[in-house]
Amino acid sequence: MMIGEKMDSLFKKYELPALPYKLDALEPYISKEILDVHYNGHHKGYVNTTNTLVDRMEKIIKKEVPAGSYDLQGVIRNIVFNVNGHKLHTLYWKNMKPVSNDKTNTPGGKIADLIIKQYKSLDRFKELFIEAANSLPGGGWTTLNYDTENGNLHIMTYENHFMNQIAELPILLVLDEFEHAYYLQYKNKRADYINAWWLLINWDDAEQRLNKAINKA
């Protein structure tokens, strides 16, 4: 239980996880300024807003607010939006690593084998993933998901924080495409940011997520 959390709380609070690297660790591809605003501003904001909404839901459950004085669907929708924003950002941070001298940054292991089996080659997978990312309308996410039912890998795009998701598909790879992820550095050139992000992918993290999903299945 967090310090200051009431003993009779129905919900545990969400916490902002520590970044797995320093704020300047992803330069020159993602600047320290962007990472600071993105993590300490936007991600922290999702966590704080979620906790406010959870407190609101707790009051509704305990009948501490009058019936008819709240919009339950609005509270639920906003909880989903902010919790998913928090969880997707947490994956996004872990899914990247400080850049090395490897300008290709290709995967190995099981994830490479599955990609080649389903997408014919790593190059073709990269082409399709980037094409999907570039064609995403507005803000959202492009992901690689694993279907534990049949072992399929799906390239998916999430509009906003939650639209178009398929239930129970673990995320192996996630790219944040909201403007706050790149605009301070890349302006309106989202494609340049996407190409730069590719060099930061932590394929070891993606491999671990795949193995975890396979073991659960």
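Computed quantities for the displayed model
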quantity	calculated
Solvent-accessible area per residue for the chain (1.4 angstrom probe, square angstrom)	55 Å²
Normalised alpha carbon radius of gyration of region 89-217 [divisor 2.2 N^0.38 Å]	1.01
Degrees, to the nearest 10: 72-94 long Cα axis against longest axis of the chain	40 degrees
Helical contribution to [θ] at 222 nm, DSSP H n ≥ 4, -39,500 (n - 2.57), averaged over the chain, rounded to 500	-14000 deg cm²/dmol
Other-chain or far-sequence residues with amide H under 5 Å of G140's (modelled H)	N160, E177, F178
Debye, to nearest 20: dipole size of region 154-217, +1 on Lys, Arg Cβ, -1 on Asp, Glu Cβ	20 debye
Pair-distance profile P(r), taking every C-alpha pair of region 72-160, with 10 angstrom steps and integer %	13, 37, 36, 11, 3, 0
Evaluated at q = 0.23 Å⁻¹: base-10 log I(q)/I(0), Debye formula over Cα of region 1-122	-1.27
For region 125-180, convex hull of alpha carbons as volume per residue, Å³	76 Å³
Surface share of carbon and sulfur [accessible, 1.4 angstrom probe, percent] for the chain	51 percent
Region 123-202: relative contact order in percent, alpha carbon pairs under 8 Å with at least 6 residues between	29 percent
Cα centroid separation - region 63-104 against region 180-217, whole Å	17 Å
The chain: most fluctuating residue of T142, T104, T52 per GNM, C-alpha cutoff 10 Å	T104
Correct option for semi-axes √(5λ) of the Cα gyration tensor in Å [calculated from the coordinates] among (i) 24, 22, 16; (ii) 33, 21, 17; (iii) 38, 18, 16	(ii)
Lys, Arg +1 and Asp, Glu -1 on Cβ, resulting dipole of the chain about Cα centre, debye, nearest 20	260 debye
Dipole axis of region 10-70 (+1 Lys, Arg; -1 Asp, Glu on Cβ), positive-most option in G41, L53, A25	L53
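The values are calculated or read from the model by the stated rules, or taken from the named source; none is laboratory data. Just so we're clear, the structure is a prediction, and the values are computed from it rather than from any experiment. Using ideal geometry, Cβ is built from the backbone for each residue, glycine included, and neighbour counts are taken over all protein chains shown. Surface areas here come from the heavy atoms of the whole protein model, side chains and all, with no ligands, DNA or RNA. Shrake-Rupley method; radii C 1.70, N 1.55, O 1.52, S 1.80 Å.
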